[in-house]
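Reviewing the structure listed below.
Throughout, read-outs are computed from the coordinates displayed, never taken from laboratory work. Because the structure is predicted, anything quoted here is derived from the model rather than measured. Reconstructed Cβ throughout: ideal geometry from the backbone, glycine too, with neighbour counts over all protein chains shown.
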Amino acid sequence: MKKAALRFLKTERMQVVFILLFVLVSLFLTVYFVVLPQHELYENNRMVREQLEGSRYASLSITNMQRIADHELANLRTLSNEWSRIAERLAAFPNQTALRNTEVNRIDYKVQLYEIRQRLQTKSDELKIQLIPTELGLDEALASGDAIRVRMLQLKAVEKLADLMLDRQIQRLVEIYPLPPVEHMDKKGRRVFEEYPVRFECDVDFEHVFTFFQSIFEENQVFALRNLRIESGPTFDSKLRAKAILSALLFE
């Protein structure tokens with residue numbers, strides 16, 4: 001009897017120990033997987049609630065917030081329209097959308113280059129203005145790595161500037177050639193506009209140098225002035241020698 005009682009008592013004690021261990025493990029798992037995550041979630045919610053309560057919009061109603069949103073959208077439309085007007089006003093080319101998006105090939109470029117050279121030469125002969133750089137600083141050859149679109153836009157910038165100088169009665173166009181284009185990006189790395197600088201040198205008298213530089217600020221033929229130097233001309237007839245870098249702007 002005594003041995004059976006002792007064996008029964010020992011079994012009960014072992015069961016109590018296992019039950020206590022089970023309770024302790026269950027308590028640990030409950031705290032680790034339930035209580036702690038809930039406490040962390042509570043703290044996160046409390047911080048978000050405090051931030052929202054401290055926001056300047058916390059006391060606003062839905063109606064007021066909608067009114068603010070409408071006001072901000074109206075400001076965005078106003079700024080967008082203002083930027084479009086500025087881009088249109090400062091663009092050197094009236095058809096900049098077509099110039100930016102139209103695909104060109106090598107044949108198109110070579111044909112355009114030939115036709116523009118011939119036209120400007122004929123125009124200079126009619127105006128009796130000496131056009132020394134008949135090649136316009138542009139080569140007909142295109143290497144495989146060259147961007148034809150860039151070369152075509154450089155050609156258009158040179159053509160526009162040469163036309164302006166001939167129309168403003170310069171005495172002699174001594175030199176003209178395009179420089180590498182410059183891209184201007186916004187803070188997010190998106191291209192805002194491209195700049196196509198052209199360097200030129202010409203002889204001009206006092207009256208026409210003023211009218212020429214005044215004309216580069218007229219709509220549809222705006223050029224940004226990067227560099228300018230005016231000195232005495234090489235001969236008595238050539239009163240002034242103007243050297244400058246002007247840039248045609250092409251907006252996105």
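Numerical summary
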read-out: Filtered residues of the range 79-96 (kept if surrounded by fewer than 12 Cβ atoms within 10 Å (Cβ to Cβ) and in a helix (DSSP H, G or I)); value: L79, S80, N81, E82, S84, R85, I86, R89
read-out: Enumeration of residues in the range 115-160 that are closer than 21 Å to N95 by Cβ and free of Cβ contacts under 8 Å to residues at least 12 places away in the same chain; value: E115, R119, A147
read-out: Search result, residues across the range 170-197 that are more than 19 Å from K160 (Cβ to Cβ) and of a type in the set (A, V, I, L, M, F, W, C); value: M185, V192
read-out: Qualifying residue in the range 233-244 (condition: closer than 17 Å to L120 by Cβ, in a strand (DSSP E or B) and under 30 Å from the mean Cα position of the chain (by Cα)); value: no
read-out: Q154, sole failed condition from (1) of a type outside the set (G, A, S); (2) within 20 Å of the chain's Cα centre (by Cα); (3) surrounded by 13 or more Cβ atoms within 10 Å (Cβ to Cβ); (4) more than 19 Å from P178 (Cβ to Cβ); value: (4)
read-out: Subset of the range 157-181 [crowded, with 22+ Cβ neighbours inside 10 Å and under 21 Å from the mean Cα position of the chain (by Cα)]; value: A157
read-out: Within the range 204-232, tally of residues that are part of a strand (DSSP E or B) and under 19 Å from L179 (Cβ atoms); value: 7
